[in-house]
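Every number here is computed from the coordinates shown, using simple stated rules; none is lab data. All figures in this text were calculated on a predicted structure; none of them were measured in a lab. Please note: Cβ atoms are built from the backbone with ideal geometry, for glycine as well, and neighbour counts cover all protein chains shown.
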Amino acid sequence: MPKYVIEREIPGAGKLTAEELHGISAKSCGVLQELGPSVQWLESYVTDDKIYCVYIAPNEDMVREHARRGGFPANSIAAVRSVIDPTTAE
C-alpha cells in the first residue's frame, strides 16, 4: 500500500497545547474510523508553522478525503518512493 507525506500549513502549530493536539488527533482518528482500515495514520511531526503527517492509503484521493472530512489543510501530498536511513550507507 502506498505511503504519503502530507504537509499541513498551520500557523502557530508549534504552540498548540497538549489539549489542542489531543483534539486534533481525536478528530483525525474519528475520520479514519469512518473511512475504514484502508487509510492509516502512522505519525506526525509538529513544527513551528506546519504539521507533517505520514499516512498509508490506497491513493492520494483517500488522503484528500480524510483532510476534507476532518477540516484539515493538506497543502502538499507527496507519495513516498523510497525510505533511507543511516543503514542505507552500509
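What is the fewest-to-most order of R8, R81 by other Cβ atoms lying within 10 Å of their Cβ?
Ranked by crowding around the Cβ, least crowded first: R81, R8.
So for segment 3-81, taking the charge dipole from beta-carbon charges (+1 Lys/Arg, -1 Asp/Glu), which of W41, A79, V54 sits furthest toward the positive end?
My answer, from the dipole projection, is A79.
For segment 75-90 and segment 4-55, what is the separation of their Cα centres, given in Å?
20 Å
Based only on other Cβ atoms within 10 Å, what is the fewest-to-most ordering of S44, S82?
In order of increasing Cβ crowding within 10 Å: S82, S44.
Nearest 0.05, what FRET efficiency do S82 and T47 give at R0 = 25 Å with Cβ-Cβ as r?
The value I calculate is 0.65.
Given a Förster radius of 30 Å and the C-beta distance between A89 and N59 as r, what FRET efficiency does 1/(1 + (r/R0)^6) yield to the nearest 0.05?
The formula returns an efficiency of 0.40 here.
I need the shape label for segment 3-81. Rule: rounded when a/c is under 1.5, else prolate if a/b > b/c, else oblate, with a, b, c from the alpha carbon gyration tensor.
Because a/c hits 1.5 or more and a/b fails to exceed b/c, segment 3-81 counts as oblate.
Rounded to the nearest 500 deg cm²/dmol, what is the calculated helix-only ellipticity per residue at 222 nm for the chain, with -39500 (n - 2.57) per DSSP H run of length n ≥ 4?
Result for the chain: -10500 deg cm²/dmol, rounded to the nearest 500.
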